[in-house]
Amino acid sequence: MMERRMIGELVQVPAGAVHVRQDGPADGKPIVLLHGFEGSVHWWDGLTPLLADTYRVIRVDLLGFGCTTGEPGFDQRAQSEMLTAVLEQFEVTDATAVGHSWGADSALGLAELSGRVSEVVVVDQAPDCDEIRILRVMRPVLRLLGWAPIGRAVHALLNNDVLLRRALGAGFARGFDPDANGPGWSQLRSDHRAMCWRANRAVMVERPLALTVRPLDAQICALGLPALVIHGRHDSLYAWRNTTERYAAAGARVEVIDTAGHSPNVEAPDQVAAAIRDFLANPSRTRSAAS
């Protein structure tokens with residue numbers, strides 16, 4: 001890993017040293033924010049101040065990302081065990097677990113494993129990865145990412161600024177500029193470079209297979225906790241209508257952000273904060289998918 005920028009503290013748990021940032025009143029209701037693939041705690045920089053006046057906002061760099069160590073152990077179970085240990089150390093209960101994209105797996109896994117979560121929020125993650133056709137077509141090739149020479153080479157190749165901007169651009173609505181409205185391209189490059197190269201195979205090969213067996217809408221049903229799904233209408237990875245209809249059928253409340261792509265937590269943090277606040281004011285109320 002490289003180019004880490006620590007803004008919190010390192011917490012020692014059995015999985016290793018975990019980077020955790022806390023904001024807001026210590027006695028506020030905890031909200032745990034979990035970033036997606038290629039991300040870090042900085043993907044919540046815009047949202048955190050909009051919640052921290054009321055809530056105890058806890059951001060965590062997942063295993064193998066940002067300033068957190070981790071090799072291997074990137075699957076839902078490993079991340080959930082790490083997060084459970086972090087919440088236990090801070091004596092956190094009654095938390096709202098919020099996961100963006102790949103981080104949604106960890107949010108639901110934490111709720112299932114720890115018993116310390118009272119609500120879950122999924123931000124722009126479909127129940128499975130079936131809509132990302134390239135992951136199915138290229139699966140035999142992507143398996144090679146687990147072989148160190150190839151995995152390291154591919155990860156290093158994406159350090160090229162042009163290729164990285166193209167790859168990460170899918171995470172936002174067309175025309176969105178992270179330098180003007182988000183963490184900035186410099187931070188996004190740093191997050192990519194800090195990520196463990198082994199995470200590529202875990203997310204691109206192993207995760208789609210796991211979600212085929214246990215899709216996230218089924219996990220929400222099994223949890224039985226109040227759930228909110230926030231999805232950008234311009235998400236280029238997962239179609240908003242199909243995604244929200246499946247989650248609504250699972251009993252989740254759904255909010256569609258009209259101006260956002262795959263990362264409304266970065267693109268429209270004010271609307272995401274409002275949706276979370278409204279949800280927590282009455283978690284039992286559900287809403288059908290938007291038309």
From SER118, SER101, residue being closer than 26 Å to VAL256 by Cα and surrounded by fewer than 19 Cβ atoms within 10 Å (Cβ to Cβ): SER118
- request: Of all residues in segment 110-136, count the ones that are touching a Ser or Thr at 6+ places or on another chain (Cβ under 8 Å), assigned to a helix (DSSP H, G or I) and of a type outside the set (Asp, Glu).
  value: 3
task: Assess whether GLY46 counts as being surrounded by fewer than 17 Cβ atoms within 10 Å (Cβ to Cβ) and assigned to a loop (DSSP other than H, G, I, E, B).
output: no
The listed residue being within 21 Å of VAL121 (Cβ to Cβ) and hydrophobic (A, V, I, L, M, F, W, C), out of ALA180, ALA173, ALA194, ALA202: ALA173
- prompt: Can ALA107 be described as part of a helix (DSSP H, G or I) and closer than 17 Å to ALA275 by Cβ?
  reply: yes
field: Pick from segment 81-95, criterion open to solvent by 20 Å² or more (accessible area, probe 1.4 Å) and assigned to a loop (DSSP other than H, G, I, E, B), ranking: nearest to VAL18 (Cα to Cα)
entry: PHE90
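Residue-wise test of (1) modelled with pLDDT of 95 or more; (2) closer than 21 Å to THR96 by Cα; (3) touching an Asp or Glu at 6+ places or on another chain (Cβ under 6 Å).
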{"site": "MET2", "(1), (2), (3)": "no, no, no"}
{"site": "VAL18", "(1), (2), (3)": "yes, yes, no"}
{"site": "ARG21", "(1), (2), (3)": "yes, yes, no"}
{"site": "GLY28", "(1), (2), (3)": "yes, yes, no"}
{"site": "VAL32", "(1), (2), (3)": "yes, yes, no"}
{"site": "HIS42", "(1), (2), (3)": "yes, yes, no"}
{"site": "THR48", "(1), (2), (3)": "yes, yes, yes"}
{"site": "THR54", "(1), (2), (3)": "yes, yes, no"}
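The values are calculated or read from the model by the stated rules, or taken from the named source; none is laboratory data. What you see is a predicted model, and the numbers here were worked out from it, not measured in a lab. Don't worry about glycine lacking a Cβ; one is built from the backbone with ideal geometry, like all the others, and counts go over all protein chains shown. Side chains are part of the model used for accessible areas, which takes the heavy atoms of the whole protein and leaves out ligands, DNA and RNA. Shrake-Rupley method; radii C 1.70, N 1.55, O 1.52, S 1.80 Å.
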